[in-house]
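Reading through the structure tokens given below for one structure.
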Amino acid sequence: MKTITLTKKLSTIAVLSALSFGAQAASLDTTNVTYGGYVKLDAMWSDFSAGTISGGSIGRDFYVPVTTPVGPDAKNNDAVFDMHARQSRFFFDTDTKLDSGKSIKTKIELDFMVTAGGDERISNSYVPRLRQAYVTYDGWLFGQAWSNFQNVGALPETLDFVGPTEGTVFSRQTMVKYTTGNWSFSAENPESTVTVNGARIETDDASIPDLSARYTHNADWGQLVVAGLARQLKYNKADINATETSYGVSVSGKINLGKNNLKFMLTQGTGLGRYVGLNAANGAVLDGNDLDAIDSTSGFVGYQHHWSNKVRSTFVYSFLKADNNRDLAAVYGSPTKSSTSYSANLLYSPEKKLTFGVEYRHANREVESGADGDLNRLQFSAKYAF
């Protein structure tokens, strides 16, 4: 990670020059600029028991539980190989000191995942996407960032883009957040995913923001985070105006075991939908003129062991269970009932910020009808952080 000091009055050309050559300019009124990121190659062999998903599916780039096909074992089903560098990312931070002694900080972060672009025949020209963009001042955060309901620090080190995907809270979105001491509170952009006649509908009809509160306890032994979420699920179409309350609690953290560590998360709630498992289950199902919120329980545990100063491994178990209303099975369209995955990797860092790794993952998804399917994936990655 590179840090340079720029005056606010520098021209665009001077800023670009400073970024390129590491130049510094002295001033009584300065802004510290930090940039960094990483370049990462991912190569994967994937074997789906119930039939291979298309090459354009997001599930071919990283593990997305809902994309795992279910049904009888497919005949003549061969493993498929994929390779990409889309996870590579770049961030740009600023820290401006004010006359009051306070600071204004900003962050912009980009990568290339889950975007359109050139096909794999010629250029692979994937469009950059916005990951984070926010400003912080005096305990306040304004912009797009990780949800206050999520604890990013609890995610284990995996080669897969997310890792314990079905078991983790995972959401980045626009918000206003206030942090004081160990507490943080947020009002975040609302969005409801509702099952209507077997199809997922993104309603965007909520009249209030999603609200979250979080308490973080740090100690020599590790970290414990407790977060709560309350939000409105709403479907307002045609002659139907249905509203339901969603809420959830997530407990997560890290336990230090010498050089090794144990990370975990357990989340329980009703109508959590898109917040858990990359939206493996919707928030609610439309039952006539009413919304029936879907309960879910999810979690993971990951243990990291350092074999030496340069070699380490992470072992992860992750799960999600959705309590679908079976009386509405025809309306649901055979939704996900459960998803589990196990993974193990071996990582080697010959230099501090250069890592090569191999990871094996086995995953299973079952839908409400009883049909299920497996994924077996072997992944190789090379990553350099700068």
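Throughout, read-outs are computed from the coordinates displayed, never taken from laboratory work. Source: prediction; values computed, not measured. Every residue, glycine as well, gets a Cβ built from its backbone with ideal geometry; the counts of neighbours run over all protein chains shown.
What's the exposure ranking of VAL301, VAL135, going from fewest to most Cβ atoms within 10 Å?
Values: VAL301 17, VAL135 13.
Ascending number of Cβ neighbours within 10 Å: VAL135, VAL301.
Per the helix-only calculation at 222 nm, which mean residue ellipticity applies to the chain, given -39500 (n - 2.57) for every DSSP H run of n ≥ 4 and division by its residues, nearest 500 deg cm²/dmol?
Taken over the chain, the calculation gives -1000 deg cm²/dmol.
Quick check on the exposure proxy: order VAL127, VAL316 from fewest to most C-beta atoms within 10 angstrom.
Taking fewest neighbouring Cβ atoms as first place, the list is VAL127, VAL316.
Around ALA206, with a cut-off of 13 angstrom between Cβ atoms, what is the net charge of the other residues, counting Lys and Arg +1 and Asp and Glu -1?
-4
With a point put 7 Å past each Cα toward its Cβ, work out how far VAL226 is from PHE185 in nm, to one decimal.
It is 1.7 nm.
Given TYR134, VAL80, PHE170, which one lies farthest toward the positive end of the charge dipole of segment 35-385, if we put +1 on the Cβ of every Lys and Arg and -1 on the Cβ of every Asp and Glu?
TYR134
For ASN376 and ILE208 in the same chain, what is the full-extension length gain: residue separation times 0.36 nm, less their Cα-Cα distance, in nm?
56.3 nm
Quick one: putting +1 on the C-beta of Lys and Arg, -1 on the C-beta of Asp and Glu, what dipole do you get for segment 233-297 around its Cα centre, in Debye to the nearest 20?
Numbers: 6 positive and 6 negative charges, 139 e Å.
Here segment 233-297 has a charge dipole of around 660 debye.
Report, in whole Å, the centroid distance computed from the Cα atoms of segment 221-238 and segment 363-386.
Measuring centre to centre over Cα atoms gives 26 Å.
Taking the Cα centre of segment 319-375 as origin and charging only Cβ (+1 Lys, Arg; -1 Asp, Glu), how large is the dipole, in debye to the nearest 20?
Using only the charged Cβ atoms, the result is roughly 260 debye.
Expressed as an acute angle from 0 to 90° and rounded to the nearest 10, what is the orientation of the C-alpha long axis of helix 12-21 relative to the principal long axis of the chain?
Result, in degrees: 90.
In whole Hz, with x marking every Gly and Pro, tabulate ³J(HN,Hα) for segment 182-191 from phi via Karplus 6.51 cos²θ - 1.76 cosθ + 1.60, θ = phi - 60°.
My calculation for segment 182-191 gives 7, 9, 9, 10, 9, 10, 10, 4, x, 6 Hz in order.
Return the subset of LYS259/LYS352; LYS263/LYS353; LYS310/LYS352 for which the Cα-Cα distance in this structure is over 19 Å, preserving the input order.
Beyond 19 Å between Cα atoms: LYS263/LYS353.
Among all the aspartates and glutamates, which ones have a C-alpha under 19 Å from LYS321's C-alpha, if same-chain residues fewer than 8 places away are not counted?
List returned: GLU166, ASP292, ASP295, GLU366, GLU368, ASP372, ASP374.
Report which label in (i) 30, 25, 21; (ii) 35, 25, 19; (iii) 36, 28, 21 holds the value of semi-axes √(5λ) of the Cα gyration tensor in Å derived from the coordinates of this structure.
Recomputing semi-axes √(5λ) of the Cα gyration tensor in Å here picks out (iii).
Calculate the dipole size of the chain relative to its Cα centre from +1 charges on Lys and Arg beta carbons and -1 charges on Asp and Glu beta carbons; express the result in debye to the nearest 20.
About 1600 debye.
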